[in-house]
Amino acid sequence: YDVGSGRWFASEITLDTIGAQVLLARSDTPDPGGTWKAVHFTSNTGSLAPDFDTLGIDSTGVYVGIDDFDSFGNFTGVSFFSIPKADLLASSPSLANMTRFDNLDDTVYGYSLQGVTNPDPGPGHGVIIAIDNANFNFFDRTTITGSGAAGATLGRTVRISNAYDSYPNPATQPSDRTVDAGDDRFSASVRQVGSYIFMANTISNTAVQGGKGAVHWMVLNEPNNTLLGEGIISDATHDFFYPSIAANHSGKILLAFNRSGSTSPDGDISIYAAVGTVTSNGVTMGSPFLVKQGTIPNYSLSFDSAP
């Protein structure tokens with residue numbers, strides 16, 4: 001949902017191995033159950049298959065990022081698309097002024113590019129955040145300018161160090177089936193409020209025996225690229241994974257994530273959250289609390305193999 005326009009936006013990708021399409025839509029009103037209008041475009045100028053589309057919106061632009069794969073399933077890089085928001089809000093939405101950044105080097109720009117969602121009138125530029133794909137304990141920040149018109153440009157990418165990073169292990173369930181906890185990318189939206197950018201990802205807490213999955217959160221001071229605070233949420237008996245993060249202008253942060261373990265019902269995959277506070281002096285984060293208890297001890301997809 002975009003506060004500035006009062007509209008909802010959505011993206012999706014098709015599964016074609018060649019000529020796959022990015023589908024981008026916006027609602028006609030603030031009611032997401034009403035009518036929508038959409039556009040589509042080929043995901044990459046080469047014969048590549050996209051994966052993991054991301055969506056970000058600020059005062060001037062709408063941003064879509066994709067991970068690129070060839071028709072054999074080999075990862076080949078990342079791409080990013082900048083569309084003027086006014087063009088998508090027109091009675092007949094248009095891609096005429098879209099700027100394409102095809103086949104970017106993931107070792108420079110990062111993996112799974114997230115255009116930062118910012119509800120405020122912009123600082124004159126947009127921001128792309130991604131986990132660094134060359135080394136652990138870094139993430140990448142790239143400035144994008146001119147997103148409100150054709151010919152948007154990318155600035156120099158800055159690599160920013162952070163204290164915690166690793167790939168998470170599969171998450172435990174009571175049935176002994178595990179579930180994929182993903183990797184250390186920012187799998188949910190990265191958000192900016194005022195001068196601060198809020199992000200969260202899944203890592204492995206290597207200090208805990210077995211390397212339990214942990215939620216890693218960070219707050220970046222956007223003007224100077226320094227971390228105001230970061231931390232992890234984890235314990236020795238549960239996996240925490242797939243976080244999302246939001247914040248408001250009162251300095252409150254809400255983290256939401258999954259938690260699972262080895263004993264039912266406590267270990268059934270459930271929704272947990274934590275509330276934090278940000279000030280100019282730093283960030284504090286509270287303990288996790290239950291939002292919705294899960295009831296399935298052996299979640300799996302139809303193609304998962306038995307334990």
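The values are calculated or read from the model by the stated rules, or taken from the named source; none is laboratory data. On a predicted model such as this, the values are computed, not experimentally measured, just so you know. Glycine gets a Cβ as well: all are built from the backbone with ideal geometry, and neighbour counts include every protein chain shown. These accessible areas exclude ligands, DNA and RNA; they are computed on the full protein's heavy atoms, side chains included. Shrake-Rupley method; radii C 1.70, N 1.55, O 1.52, S 1.80 Å.
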Residues that are under 20 Å from the mean Cα position of the chain (by Cα) and aromatic (Phe, Trp, Tyr), at least 3 per element: which strands (runs of 3 or more DSSP E) completely within region 9-111 meet that? 75-84
Given (1) at pLDDT 95 or above; (2) polar (S, T, N, Q); (3) open to solvent by 50 Å² or more (accessible area, probe 1.4 Å), identify the lone condition not met by Gln114. (3)
Name every residue in region 214-242 that is touching a strand residue (DSSP E or B) at 6+ places or on another chain (Cβ under 6 Å) and not in a strand (DSSP E or B), in order of residue number. Glu222, Asn225, Ser234, Thr237
Looking only at region 113-161, filter to residues that are in contact with an Asp or Glu (Cβ under 6 Å, 6 or more places away or on another chain) and among the polar types (S, T, N, Q); which one of those is farthest from Asp184 (Cα to Cα)? Asn118
If we scan region 55-70, do we find a residue that is of a type in the set (Gly, Ala, Ser), without any contact (Cβ under 8 Å) to a residue 60 or more places away in the chain and open to solvent by 30 Å² or more (accessible area, probe 1.4 Å)? no
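Can you tell me which residue is farthest from Ala246 (Cα to Cα) among those in region 177-193 that are assigned to a loop (DSSP other than H, G, I, E, B) and open to solvent by 30 Å² or more (accessible area, probe 1.4 Å)?
Once the filter is applied, the top-ranked residue is Arg177.
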Would it be correct to say that Thr42 is touching a Gly at 6+ places or on another chain (Cβ under 7 Å) and farther than 21 Å from Gln192 by Cβ? yes
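Among the listed residues Asn258, Asn205, Asn201, identify the single one that is in contact with a Ser or Thr (Cβ under 9 Å, 6 or more places away or on another chain), surrounded by 18 or more Cβ atoms within 10 Å (Cβ to Cβ), at pLDDT below 95 and closer than 30 Å to Thr142 by Cα.
On the way: Asn258 fails: at pLDDT below 95; Asn201 fails: at pLDDT below 95.
So the residue among Asn258, Asn205, Asn201 that is in contact with a Ser or Thr (Cβ under 9 Å, 6 or more places away or on another chain), surrounded by 18 or more Cβ atoms within 10 Å (Cβ to Cβ), at pLDDT below 95 and closer than 30 Å to Thr142 by Cα is Asn205.
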Within the bounds of region 269-286, is there any residue that is open to solvent by 50 Å² or more (accessible area, probe 1.4 Å), more than 21 Å from Asp165 (Cβ to Cβ), part of a loop (DSSP other than H, G, I, E, B) and at pLDDT 95 or above? no
Please work out which one of (1) among the basic types (Lys, Arg); (2) under 16 Å from the mean Cα position of the chain (by Cα); (3) under 30 Å from Ser300 (Cβ atoms) is the condition Arg177 fails and give its number. (2)
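With respect to Tyr196, is the statement that it is touching a His at 6+ places or on another chain (Cβ under 6 Å) and open to solvent by 10 Å² or more (accessible area, probe 1.4 Å) true? I'd like the intermediate steps shown before the answer.
Details: touching a His at 6+ places or on another chain (Cβ under 6 Å): no; open to solvent by 10 Å² or more (accessible area, probe 1.4 Å): yes.
Against the criterion (touching a His at 6+ places or on another chain (Cβ under 6 Å) and open to solvent by 10 Å² or more (accessible area, probe 1.4 Å)), Tyr196 does not qualify.
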Answer residue from region 71-108, given it is out of contact with any Ser or Thr (no Cβ under 9 Å at 6 or more places or on another chain) and of a type in the set (A, V, I, L, M) and is surrounded by the fewest Cβ atoms within 10 Å (Cβ to Cβ) among those: Ala96
Condition broken by Pro174, with the remaining ones in (1) open to solvent by 20 Å² or more (accessible area, probe 1.4 Å); (2) modelled with pLDDT under 95; (3) not basic (Lys, Arg) satisfied: (2)
